[in-house]
Amino acid sequence: MLLHGWPTNSREWRAQIDGLADEFQVVAWNAPGAGPSSDPPQDFSLPDWADVLAAFLQALGLQRVHVGGLSWGAGLALELYRQHPTLVSSLILVGAYAGWRGSLPAATVEQRLQLMERNSQLPPRNWAPALIRTLVADDAPTVIIDELESIIGELHPAATRTALRAFAEADLRDVLSQVNVPTLIVNGERDVRAPRSVWEPLYSTIPEADLVLIPNVGHMVDMEAPDGLNDVIRAFLRPATASTTPGTPSP
């Protein structure tokens, strides 16, 4: 079960859907307020999204799943584990935060929130290029940048404000030490949005978490290094080989 970040949608996981479907049943949802999904109420919180996700899984007849999320989606994965732990078989946290409040200084949270509040009032073409420069490595291929611009162009303005307010308020640090399922943390070595100061507390607090750092990419690991991420996910989900690929921090 793959959970997108914000302001993206399930399209960001296209390479994982295509690349992992030969071995796994892969589902990538569009959260309420993303892609073709309808907008949530303006007071929706991260626990509300987790409850909708749990209902979605149950409607699909999926009782216990591997849950992967990127950025906002990784926070939602942790919230799902808090609210509905029996649904989660393992966690794959890519470019993850323990919520913005749980991972970033208050001034940074306020800066990010105010910027997106302003941007969401404008056409994405006016501000998406500047945002994308913080999401990918500075030498990311044009095809990835173009795809990200296309995905961001589909955002729902009101829902984006709701989602990022919810994430700005989220503090998931209390969940980390309670995680009792296999957990893989994946980050891009050139991630400026969730750098070492963000991922290291997750890695040090989640019991027996594995860590893999992907070289030469930024925040959008799923799009910038799709084959590398797919290989890491396969190894993690194969008990026979999981101990040989993830396990210790990359240099």
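The values are calculated or read from the model by the stated rules, or taken from the named source; none is laboratory data. No experiment lies behind these values; they were computed from the predicted model shown. Glycine gets a Cβ as well: all are built from the backbone with ideal geometry, and neighbour counts include every protein chain shown. Ligands, DNA and RNA are stripped out before the accessible areas are found, and what is left, the full protein with its side chains, is counted by its heavy atoms. Shrake-Rupley method; radii C 1.70, N 1.55, O 1.52, S 1.80 Å.
Mind checking which of T183, T108, T142 has the largest fluctuation in a GNM of the chain, springs on alpha carbons under 10 Å?
T142
If r is the Cβ-Cβ distance from D51 to D18 and R0 is 35 Å, what FRET efficiency results, to the nearest 0.05?
So, using R0 = 35 Å, E works out to roughly 0.75.
What number, in nm² with one decimal, is the all-direction average of the projected area of the convex hull of the alpha-carbon atoms of the stretch 137-180? If you can, show how the numbers build up before the last one.
Working: hull surface 21.9 nm².
Averaging across all directions leaves 5.5 nm² for the Cα convex hull.
What does the C-alpha gyration tensor say about the overall shape of the stretch 138-228? Classify as rounded when a/c is under 1.5, otherwise prolate if a/b is larger than b/c, or oblate. Walk me through the numbers on the way to the answer.
Numbers: a/c = 2.40, a/b = 1.25, b/c = 1.92.
In terms of gyration-tensor shape, oblate.
222 nm [θ] for the chain, helices only, -39500 (n - 2.57) per DSSP H run of 4+, per residue, to 500? Don't skip to the end; give the middle numbers.
Working: 12 runs with 113 residues, N = 251.
Taken over the chain, the calculation gives -13000 deg cm²/dmol.
If you take the square roots of the eigenvalues of the alpha-carbon gyration tensor of the stretch 1-88 and sort them as a ≥ b ≥ c, do you get rounded (a/c under 1.5), prolate (a/b over b/c) or oblate?
Working: a/c = 1.71, a/b = 1.20, b/c = 1.43.
Here the stretch 1-88 falls in the oblate category.
Please compute the contact order of the chain in relative form: average sequence separation of alpha-carbon pairs under 8 Å and at least six residues apart, divided by the residue count, as a percent.
Values: 466 pairs, mean separation 56.9, N = 251.
Computed value for the chain: 23 percent relative contact order.
Can you send over the carbon and sulfur percentage of the accessible area for the chain, probe radius 1.4 Å, protein chains only?
51
Tell me the net charge near P226. Cut-off is 14 Å between Cβ atoms, P226 excluded, with +1 for each Lys or Arg and -1 for each Asp or Glu.
Details: positive: R11, R14, R234; negative: E12, D18, E147, D222, E224, D227, D231.
Combined, the nearby Lys, Arg, Asp and Glu give -4.
Counting only the backbone N, which residues of the stretch 132-156 are under 17 Å from the spot 7 Å out from the Cα of R118 toward its beta-carbon?
132-134
Using a Debye calculation, one point per C-alpha and no hydration shell, please list log10 I(q)/I(0) for the chain at q = 0.14, 0.17 Å⁻¹ in order.
The computed values of log10 I(q)/I(0) come out as -0.88, -1.40.
So what is the relative contact order for the stretch 74-188, in percent, with contacts set as C-alpha pairs under 8 Å and at least six apart? Don't skip to the answer; put the middle values down first.
Working: 104 pairs, mean separation 59.8, N = 115.
Result for the stretch 74-188 is 52 percent.
Work out how far the C-alpha atoms of the stretch 87-143 reach from end to end along every principal axis, then list the three figures in whole Å, largest first.
Computed over the stretch 87-143, the largest-to-smallest principal extents equal 40, 31, 22 Å.
What is the distance in Å between the Cα centroid of the stretch 97-160 and that of the stretch 166-234?
18
So how strong a dipole does the chain carry about its Cα centre when Lys and Arg Cβ are +1 and Asp and Glu Cβ are -1, to the nearest 20 debye?
On the way: 17 positive and 29 negative charges, 68 e Å.
Computed about the Cα centre, the dipole is about 320 debye.
Mind checking which of S89, P157, W100 is farthest towards the positive end of the chain's charge dipole, using Cβ charges of +1 (Lys, Arg) and -1 (Asp, Glu) about the Cα centre?
W100
Which of the peptides 197-205, 158-166 is most tightly packed, and how do the rest follow, going by the mean number of other Cβ atoms within 10 Å of each residue?
Working: 197-205: 17.1, 158-166: 21.0.
Those peptides, ordered most packed to least, come out 158-166, 197-205.
At V27 and A158, where each label point lies 7 Å from the Cα along Cα→Cβ, what is the point-to-point distance in nanometres?
Rounded to a tenth, the inter-label distance reads 2.8 nm.
About the Cα centre of the stretch 63-206, how large is the charge dipole given +1 on each Lys and Arg Cβ and -1 on each Asp and Glu Cβ? Please answer in debye to the nearest 20.
Working: 13 positive and 15 negative charges, 64 e Å.
Dipole size: approximately 300 debye.
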